[in-house]
1. Compute the signed sum of charges (Lys and Arg +1, Asp and Glu -1) over the other residues within less than 13 Å, Cβ to Cβ, of M165.
2. Grab the other residues whose beta carbon is less than 9 angstrom from that of N293, score K and R as +1, D and E as -1, and report the net.
3. Quick one: order S63, S154, S265 from most to least accessible surface, probe 1.4 Å.
4. Amide H of K243 versus every other amide H placed in the peptide plane: which residues, excluding those fewer than 5 positions away on the same chain, fall under 5 Å?
5. Can you give the FRET efficiency to the nearest 0.05 for V193 and N293, using r as the Cβ-Cβ distance and R₀ = 45 Å?
6. Please return the longest range in the chain lying between exposed loop sites, taking trypsin sites (Lys or Arg not before Pro), DSSP loop only, at most 16 other beta-carbon atoms within 10 Å, and leaving the sites out.
7. Picking from G49, G227, G98, which is most flexible by a Gaussian network model of the chain using Cα springs under 10 Å?
8. Given a 1.4 Å probe and every protein chain left where it sits, what share in percent of the accessible area of the chain is carbon and sulfur?
Amino acid sequence: METKRIIIKDKTDPKDNELMEAAEILKHGGLVAFPTETVYGLGANALNGEAARKIYEAKGRPSDNPLIAHIADEEGLFPLVKEIPEAARKLMKAFWPGPLTMIFPKSDAVPYGTTGGLETVAVRMPSDPVANRLIKLAGVPVAAPSANTSGRPSPTTADHVWEDMNGKIEMILDGGPVGIGVESTIVDVTGEVPMLLRPGAITMEMLTDLLGHVEIDPAITGPMKEGVHPKAPGMKYRHYAPKADMVLVEGELQAMAEEICRLASEAGQQGKRVGIICTEETESFYAGKNHENWILLCMGSREKEETIAHNLYGVLRKFDECQADCIYCEGFPRTELGQAIMNRLTKAAGHKIIRV
Ligand code: TXA
Ligand code: MG
């Protein structure tokens, strides 16, 4: 299949004529990748089980991993859910449209093909103007996982989507780089106490400020014990992974950088191509060691965690391109946006963490 790429001239104010063809494809059961404020999504009509099936095929995604239904406005929610719990109303008012997904009891209108066989449905109202207008024009809720091949880092530019999806889907809407760079926060509002299933730009601190008590799915904070499953089925996969073996080093800044240097020298001596993921605060420290076979990529300043989140997946993808054998990555404080950053890095590292 030939994949058409449409460049949106002004992503803050997309024109209907730029989005019309994409909306028609969605209406008729086809696949369109589009930008959102978090990462690029791979969209299909959420009410059409057959269209949802095509998503799994294009991504090579296990079919028990449910999809998020994206809506353009509050009216879009009512047909998808059985009820709207009180906590959800508060969260909608505070954070929609935006990078927050909520899990509701599903209505009969939502096919099991979209929910991976579950009785619940994940719903999100994106704030990105391209995403929002596209959904509106399509006139249907849009099921959209991240537009990467399953197991690869989520795409934050249209080029990333092209790498993974060219030839597999009808269209890519190119709205330039996304803003946030990590996927939406997921909160399950079906139980007595709301539960965080995936950390994101709407932080745990923001959720507890609004709701008081919020639980955290243990899958977020540590590796799962055998026989225990995360509440968001997608969180069980290694996911977000670069091709190289990655180790995350956590601790006080100087100690962390020294340990990474030690590990990188050791691997270098074994003839490995070594990648190091650093920050502006430590970049010159590694560069000063002057090892020729180290590939040094900086995610930004620790003072601005938004930049770290924004660059994270792009950096992991770069290491695939330059064929690093192993990657050592600095850790971050696990608070606020750092919780989402560390969650993604931990998974990319397959839970290989060294604490110094
Ligand atoms: O920011 C985002 O959420 C992006 C953009 C495109 O909106 N989408 C995204 O989708 O990250 P995906 O499919 O890569 O991740 C969806 C996550 C998976 O971990 C999945 O298991 C979980 O949401 N999920 C979906 N429906 C669920 C449900 N009914 N119950 C529990 N978890 C659910
Ligand atoms: Mg994903």
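1. Net charge around M165: 0.
2. Surrounding charge for N293 is +1.
3. S63, S265, S154
4. D320
5. Plugging the Cβ-Cβ distance into 1/(1 + (r/R0)^6) gives 0.35.
6. The segment 83-224 is the longest one with no such site.
7. G227
8. So the carbon and sulfur contribution to the accessible surface is 51 percent.
The values are calculated or read from the model by the stated rules, or taken from the named source; none is laboratory data. Please read all numbers here as calculations on a predicted model, not as lab measurements. Because the Cβ atoms are built from the backbone with ideal geometry, glycine has one as well, and the counts that use them run over all protein chains shown. For accessibility, only protein heavy atoms count, side chains too; no ligands or nucleic acids. Shrake-Rupley method; radii C 1.70, N 1.55, O 1.52, S 1.80 Å.
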